[in-house]
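Participant: Okay, here's the structure, questions in a sec.
We did not get these values from a lab; they are worked out from the coordinates using the rules stated. Values in this document were obtained by computation on a predicted structure and should not be read as measured data. When we count neighbours, we look across all protein chains shown, and the Cβ atoms used for this are built from the backbone with ideal geometry, even at glycine.
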Amino acid sequence: MFELMPLSRNERKLMNMFDEFDRAFFQDLDKSVLSCRTDVLDKGDRYVLQAELPGFRKEDIHIDIDGDSLTVRAVHSEETKEETPNFIRRERHSGTYTRSFDVSGVDVESISAKYENGVLELALPKKGEVRPASRSVNID
């Protein structure tokens with residue numbers, strides 16, 4: 001129940017003991033910050049941002065744009081009852097994930113998003129190339 005590994009595979013060497021100590025000592029820090037793996041792809045005319053957000057509902061995810069900054073925020077909260085269950089081990093937790101991205105080269109009015117199978121995907125169309133207007137220069 002405490003470690004569900006056969007003893008032959010769970011040898012205790014000196015370095016493993018330090019690793020176990022680190023995990024036990026810092027486990028609360030890991031729970032306070034949810035990790036989210038994010039990939040950004042360049043598809044030529046647009047960027048595609050893919051963020052893993054497993055366990056979140058679509059309603060828990062918020063995408064905000066403020067100037068040249070796009071912020072993805074996901075809030076996961078567990079309902080708590082007055083009764084406290086007798087957990088032996090609890091790894092599921094509540095938390096907030098927030099990450100911001102620079103969108104200065106993106107047409108923010110055309111951004112679209114979809115969330116499927118725990119992956120948030122944003123299509124970020126690039127701004128059209130701005131060319132200076134042609135003109136002639138008079139010589140004085």
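Participant: Compute the Cα gyration tensor for the stretch 93-140, then decide on rounded, prolate or oblate, letting a ≥ b ≥ c be the square roots of its eigenvalues: rounded whenever a/c is under 1.5, prolate when a/b is larger than b/c in the other cases, and oblate in all that remain.
Facilitator: Numbers: a/c = 7.88, a/b = 3.22, b/c = 2.45.
Cα axes put the stretch 93-140 in the prolate bin.
Participant: Same structure again: Using 1/(1 + (r/R0)^6) with R0 = 41 angstrom and r between the beta carbons of residue 88 and residue 119, what's the FRET efficiency to the nearest 0.05? Walk me through the intermediate numbers first.
Facilitator: Numbers: r = 31 Å, r/R0 = 0.77.
The computed FRET efficiency comes out at 0.85.
Participant: Still on this structure: Ranked by Cβ crowding within 10 angstrom, fewest neighbours first, how are 46, 37 ordered? Spell out each step's value before the answer.
Facilitator: Numbers: 46 18, 37 9.
In increasing order of surrounding Cβ atoms, one gets 37, 46.
Participant: Label point 7 Å out from residue 100 along Cα-to-Cβ: which residues of the stretch 51-71 have amide N under 20 Å?
Facilitator: Only 51, 61-71 pass the distance filter.
Participant: Using the basic label-point model (7 angstrom from Cα toward the beta carbon), what is the residue 48 to residue 77 distance in nanometres?
Facilitator: Placing both labels 7 Å along Cα→Cβ, they lie 3.4 nm apart.
Participant: Taking the Cβ of residue 115 as the center, what net charge do the other residues with Cβ under 12 Å away carry, scoring Lys and Arg +1 and Asp and Glu -1? Write out the running numbers ahead of the final one.
Facilitator: Numbers: positive: 57, 58, 114; negative: 52, 59, 60, 116, 121.
Here the count lands on -2.
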